[in-house]
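Undergrad: I'd like to ask some things about the structure below.
No lab work stands behind these numbers, since they all come straight from the coordinates. Owing to the predicted nature of the structure, the values given are computational and were not obtained by experimental measurement. Here the Cβ positions follow ideal geometry from the backbone for every residue, glycine too, while neighbour counts run over all protein chains shown.
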Amino acid sequence: MRQANEEPGAWSAAKAKAVTLLAIGQTRLELLGNELEVGRLSAMRQLMLALALSFCIGLGVLLTVIGLTLLFWEQRLMVVGLAGALVWALALYFYFALRQGAQKTEPLFNASLAELQEDLRQLKAATRHGRAPD
């Protein structure tokens with residue numbers, strides 16, 4: 001016997017599936033939000049470190065060139081020329097290192113996409129399971 005407050009089977013099954021789909025959607029959105037926040041924090045940290053490094057390197061190079069120029073006053077043109085060549089060589093090295101690092105980055109939302117692919121695989125497997133074999 002069915003109680004008065006019980007709903008028909010098809011309607012309750014549809015509601016249960018809708019609730020499940022909404023829960024899956026909410027979980028995926030939360031994961032996406034977490035990935036965005038982690039990516040933002042990582043990018044900000046890297047940017048701040050890069051700016052601090054650039055400032056320290058620039059100031060260090062400037063002070064070194066001034067010191068060497070004062071120390072070797074008679075050869076000041078050679079000291080400044082060698083310092084300039086060294087700075088350009090380091091700039092090229094950092095440029096290529098930065099380019100190589102940019103090519104190795106992991107795709108954004110990689111974990112979210114993997115979870116969505118797994119959800120899709122499970123849904124396809126569940127729908128095939130319910131069908132009669134061909």
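Undergrad: So how far, in whole Å, is the C-alpha centre of region 23-40 from the one of region 42-82?
TA: Their Cα centres are 42 Å away from one another.
Undergrad: Among (1) 33, 17, 14; (2) 19, 17, 15; (3) 66, 17, 5, find the value of semi-axes √(5λ) of the Cα gyration tensor in Å that was calculated from the structure presented, and write down its label.
TA: (3)
Undergrad: Any idea what the dipole of the chain comes to, in debye rounded to 20, about its Cα centre with Lys/Arg Cβ at +1 and Asp/Glu Cβ at -1?
TA: Using only the charged Cβ atoms, the result is roughly 220 debye.
Undergrad: Would you mind ranking VAL61, VAL38 so that the residue whose beta carbon has the fewest other beta carbons within 10 Å leads the list?
TA: Listing VAL61, VAL38 from fewest to most nearby Cβ atoms yields VAL38, VAL61.
Undergrad: A further question follows. Going toward the positive end of the dipole of the chain, with +1 on Lys and Arg Cβ and -1 on Asp and Glu Cβ, which of LEU82, GLY101, VAL19 do you reach last?
TA: VAL19
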